[in-house]
Amino acid sequence: MRRLLAAAGRRRYTQSPAARQNRRVSPTIFSAPLERLRQWRQEAALALEDLRHWATLAQLGDPTTAARLAHLQRRLAQERLAIAFVGESGRGKTALVNALFFSDIGVRPLPETSGRQLTCPVELRSDPGRPPSLRLLAIESRATGMALREYLADDTAWTTQSIDLSAMSRLPQAFMTLTDTRDIPLTEALSLGLSPEDYPATVADDGSPQTRVPRWRYAIANLPHPALKNGLSILDLPGRAHLHAEPELARNLIADADAIVLVLDITQGIVDADLTLWSEEIVLADAARENVFVAFTKRDQLPSRLEADKIAAELERRALAASSRLGVARTRVFALSAYEKESGRNDLERFAHTLADSVVRARASAHAAAIQAETGPLLAESRHVLDSRKGLFEDNMAELSQVATKNKRLMQTLSQRATEESDRYRGASTVYHEFATLHATLHEELRALFDPKQNKARTATMRHHFVAGSKENLDECLDQYFEESLACIEKAIEKINDVQNMMSRVNRSFSLDYQLKPVEMAPFSTTRFTGELAKARARSDQEYRGAKRGLTRRETIADNWEGDVGERVDHIFEIAYRETNVWMNALTRDLEHELSDLQGRLTSRLENMQKLKEADDGLKQRIADVTANRDRVAEQRNELNERAKRIAKLLDWTN
């Protein structure tokens, strides 16, 4: 059976892909769920805008919360989703992309014939601000040392070729430039960082060694495709040679993709070249592996139905082997054909449905989690504040109503309560100010320990060791760098524990001594900071210690370490700095709210006593005012509930 499959893999069609019948995939498989997601994102953005505007008018929340909601709203309106197709040359990646996204237009625009395959990564997207075109970044751009992401905003570095969409038959010709190569001297290839081991060597007419390299480093195709117009980006990436030459592709584009499709040849199964590509060039976090699909292509090149049972068993064996060796669930391994030669017609559409559903659901779930994280605290705090306001107004109404009939007795009662609350307020204020003094001291110490500028200075110093320091002491410097960072975090954890203990004492005093509602102290987890630092250190040890630095230039190692590890550590301290500030500020803010509420009740009681002394008419007007305020608070509570239901309905769509 394996010999039959291998023989099938060696067969080649004499017809061009255009002459073979396309597997038709309905364009709505991707565009419909993406359109639903786009509409959901628009509705979510409108709901966030409405909540933010309403909370501002109702004097609920704070400017920081409003700014976070505005940022999330902009993110919902502007995002893109990316699907990366990865695999060695000849596995059928481009044919699969053509079949999935372009089978309905009658042509296969991306070149896929033998000898005329893609030689550079291509990104398919839709930018309404640009005409249909190909933007091409020359391979010579590698000489500058600039990363791909730095070139994206520099239009002058790109060659632009327009695409004529008036005749679809000419569309494939427009993409043929993506197959272009150049023969350049070996010395020039080395200066561009292109290894002869990754690209074929040739001999020039004068006998000097030369290398055949891609003409283009990267290409961006702007097309008004329905799925692309709804925010999808499609990445068709060449094999290991290009990923090895452009590690940024694996580190950023592939790792950040919403779905990764590893394309294999079913006639070969998973071979050493595929495993090398997967293990050496594509480094994914455990969570990212949930977004990986494995697509075995070329089912149309298998033997006839006479051996269907045996073929099916062998295909299942190869699928299970790929699942086991790659760590991908069996349900995410598919055997496909980009053409209609075999009898099964549903495999490609089933894969397309699964891929589209996975991408959309994963992104919708991520958005839902972000919306829940941002709106949940605001809604809860708003309910608490409105209930507190309503309770205050109802207390005032009860007190004023009693004054109307029992003025004298009520004056004695109010006077006694005012005195008690005044004593409670003074006592609670003393406790609060003592707490605030210690809180400010600990807050400054935490700011110093988590100061992003100091950590960036440590990172810059470590980078300097990579560039100009002694090679023999680099590992020791790395250890010192991480130990200093860990020491700062551990000291901060001790300070946070001190704050939590101090807050517990204040709560007990507020509750037992002054009959105030204890302030709910939000949980604050610190283990993730040490955990993320440990991951960064493990990454540094794995890739940048000792012999692993190899013969790579020190500046390159320093840049890679800084981008791969240093920036991650900087990010840990930035997050820790921001979250501790938010948490610490919340402690004092909640205590201030309790004191403010107590002071408000005390002030209101004293005002009521004065009004009772002045005139009964004034009392009636006061009752009317309090009633109006209470009714307005009740209206606001209903308005808040309606907005909460709207958001809950949005979140329910993702379940």
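Positive end of the dipole of the chain, charges at C-beta (+1 Lys, Arg; -1 Asp, Glu), about the Cα centre: which of Q542, L243, T526 has its Cα farthest in that direction?
The residue sitting farthest along the positive end of the dipole is L243.
Give the percent of DSSP beta bridges with both residues in the chain that are antiparallel, rounded to the nearest 5.
Values: 25 of 47 bridges.
Around 55 percent antiparallel, to the nearest 5.
Which pairs, out of K390/K645; K390/K649; K390/K620; K390/K517; K517/K649; K495/K517, put more than 23 Å between their alpha-carbon atoms? Please report the intermediate quantities before stating the final value.
On the way: K390/K645 21 Å; K390/K649 27 Å; K390/K620 19 Å; K390/K517 16 Å; K517/K649 33 Å; K495/K517 25 Å.
Long pairs (Cα-Cα over 23 Å): K390/K649; K517/K649; K495/K517.
Enter the angle in degrees (range 0 to 90, nearest 10) between the Cα long axis of helix 567-614 and the first principal axis of the Cα atoms of the chain, meaning the one along which they spread out most.
For helix 567-614, the angle is close to 20 degrees.
What distance in nm separates the simple spin-label points at R317 and L512, each placed 7 Å from Cα in the Cβ direction?
7.4 nm
What accessible surface, in Å², does a 1.4 Å probe find on I572, ignoring ligands, DNA and RNA and rounding to the nearest 10?
10 Å²
Given the C-alpha centroids of the range 620-655 and the range 532-606, what is the distance between them in whole angstrom?
The two parts, judged by their Cα centres, are 36 Å apart.
Just the ratio, please: alpha-carbon radius of gyration of the chain over 2.2 N^0.38 Å, N its number of residues. Don't skip to the end; give the middle numbers.
Details: Rg = 32.9 Å, N = 655, 2.2 N^0.38 = 25.9 Å.
Dividing the Cα Rg of the chain by 2.2 N^0.38 Å gives 1.27.
Figure the gain on full extension for N638 and Q42 (residue separation times 0.36 nm, minus the Cα-Cα span) and round it to one decimal in nm. Don't skip to the end; give the middle numbers.
Numbers: separation 596, 0.36 × 596 = 214.56 nm, distance 2.40 nm.
Here the answer is 212.2 nm.
R0 = 41 Å: FRET efficiency of K456 with S26, Cβ-based, nearest 0.05?
Values: r = 51 Å, r/R0 = 1.24.
Rounded to the nearest 0.05, the efficiency is 0.20.
Using the basic label-point model (7 angstrom from Cα toward the beta carbon), what is the D652 to A468 distance in nanometres?
Here the modelled spin labels are 6.4 nm apart.
Given 0.36 nm per residue, what is the gain on full extension from S162 to A147 after removing their alpha carbon distance, in nm?
Numbers: separation 15, 0.36 × 15 = 5.40 nm, distance 2.51 nm.
Using 0.36 nm per residue and subtracting the Cα-Cα distance, I get 2.9 nm.
Ignoring ligands, DNA and RNA, what accessible area per residue does the chain give at 1.4 Å, in Å²?
On the way: 32140 Å² over 655 residues.
With the other protein chains kept in place, the chain gives 49 Å² per residue.
If the chain between E420 and E434 were fully stretched, how many nm would it gain, using 0.36 nm times the residue separation less the Cα-Cα distance? Each step should come with its number before you reach the end.
On the way: separation 14, 0.36 × 14 = 5.04 nm, distance 2.13 nm.
Stretched out fully, the E420 to E434 stretch lengthens by 2.9 nm.
In debye to the nearest 20, how big a dipole does the chain give about its Cα centre with +1 on each Lys and Arg Cβ and -1 on each Asp and Glu Cβ?
Numbers: 93 positive and 94 negative charges, 399 e Å.
In total the dipole reaches around 1920 debye.
Of K517, K390, K495, K453, which has the most accessible area with a 1.4 Å probe, and how do the rest follow in descending order?
Working: K517 120, K390 80, K495 55, K453 160 Å².
Ranking K517, K390, K495, K453 by accessible area, largest first, yields K453, K517, K390, K495.
State the percentage of accessible surface on the chain attributable to carbon and sulfur atoms; use a 1.4 Å probe and exclude ligands, DNA and RNA. Could the numbers behind the result be given before it?
On the way: 16040 of 32140 Å².
Solvent-exposed carbon and sulfur of the chain make up 50 percent of the total.
Report the charge-dipole magnitude of the range 120-276 in Debye, nearest 20, computed about the Cα centre from +1 at each Lys and Arg Cβ and -1 at each Asp and Glu Cβ.
Using only the charged Cβ atoms, the result is roughly 480 debye.
Hey, what number do you get for the chain at 222 nm if only DSSP H runs of n ≥ 4 count, each worth -39500 (n - 2.57), divided across all residues, to the nearest 500? Present the calculation step by step, with values, prior to reporting the outcome.
On the way: 19 runs with 385 residues, N = 655.
Counting only the DSSP helices, I get -20500 deg cm²/dmol.
Treating the beta-carbon of each Lys and Arg as +1 and of each Asp and Glu as -1, no other charges, what is the dipole magnitude of the range 126-185 about its Cα centre, to the nearest 20 debye?
Details: 6 positive and 8 negative charges, 24 e Å.
Charge dipole, the range 126-185, about its Cα centre: 120 debye, nearest 20.
The values are calculated or read from the model by the stated rules, or taken from the named source; none is laboratory data. This structure is a prediction, so every number in the text was calculated from the model and none was measured. Note that each Cβ is placed from the backbone with ideal geometry, even for glycine, and that neighbours are counted across all protein chains shown. Ligands, DNA and RNA are excluded from the accessible area calculation, which covers all protein heavy atoms including side chains. Shrake-Rupley method; radii C 1.70, N 1.55, O 1.52, S 1.80 Å.
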